[in-house]
1. Of all the residues that make up the range 13-44, how many are within 19 Å of P101 (Cα to Cα), surrounded by fewer than 15 Cβ atoms within 10 Å (Cβ to Cβ) and in contact with an Asp or Glu (Cβ under 9 Å, 6 or more places away or on another chain)?
2. For the range 71-105, how many residues meet the condition of being surrounded by fewer than 15 Cβ atoms within 10 Å (Cβ to Cβ) and not in a loop (DSSP other than H, G, I, E, B)?
3. Name, by its number, the condition in (1) surrounded by 14 or more Cβ atoms within 10 Å (Cβ to Cβ); (2) within 26 Å of G112 (Cα to Cα) that does not hold for A9.
4. Can you report the number of residues in the range 58-69 which are assigned to a strand (DSSP E or B) and in contact with a Phe, Trp or Tyr (Cβ under 8 Å, 6 or more places away or on another chain)?
5. Within the range 34-49, which residues are over 18 Å from G11 (Cα atoms) and in a loop (DSSP other than H, G, I, E, B)?
6. Could you please let me know if D52 is among the acidic types (D, E), closer than 20 Å to Y12 by Cα, in contact with a strand residue (DSSP E or B) (Cβ under 8 Å, 6 or more places away or on another chain) and surrounded by 12 or more Cβ atoms within 10 Å (Cβ to Cβ)?
7. Please determine, by comparing only the residues of the range 55-67 that are more than 24 Å from A111 (Cα to Cα) and touching a Lys or Arg at 6+ places or on another chain (Cβ under 9 Å), which one is surrounded by the fewest Cβ atoms within 10 Å (Cβ to Cβ).
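Since every read-out is calculated from the coordinates, none of them should be taken as a lab result. All values derive from a computational prediction rather than experimental measurement. We place every Cβ from the backbone using ideal geometry, glycine too, and count neighbours over all the protein chains shown.
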Amino acid sequence: MHVTRGNEAKGYEAALHHGCAAFRLQGAEASPIPGFWVGLSHFLPDGGAEWDATNAHKVYVVLDGEITVENEHERVVLKPGDSVLLGAGERRRVVNETNEPASMLVIVAPAG
């Protein structure tokens, strides 16, 4: 068993993100999980992630507030309890378009 206490989670710089505080909860440098990692991202109003694609599958689960996620074909507003799967190589943009902070659980599994 490997426990990561929320108040002890290590922050990290998420590439191409702004107005965001990101924390690694499990996997990567947080715990010995092969194949995926779990993070928690807090977005300020107007905070988000720029258009980008990575070689990883991503699941976003909104915990609090609202997050808008776009790919090249659609745009959705996610509310608490909503989730989205983005496939490896899928370009996406994330933004908090509200005047309130938003929190999102992030699960990332490299493709292959």
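1. Summing the residues that are within 19 Å of P101 (Cα to Cα), surrounded by fewer than 15 Cβ atoms within 10 Å (Cβ to Cβ) and in contact with an Asp or Glu (Cβ under 9 Å, 6 or more places away or on another chain) in the range 13-44 gives 2.
2. So the answer is 5.
3. Among (1) surrounded by 14 or more Cβ atoms within 10 Å (Cβ to Cβ); (2) within 26 Å of G112 (Cα to Cα), A9 violates only (2).
4. The total comes to 2.
5. P34, G35
6. Criteria met by D52.
7. Ranking the candidates gives E66 first.
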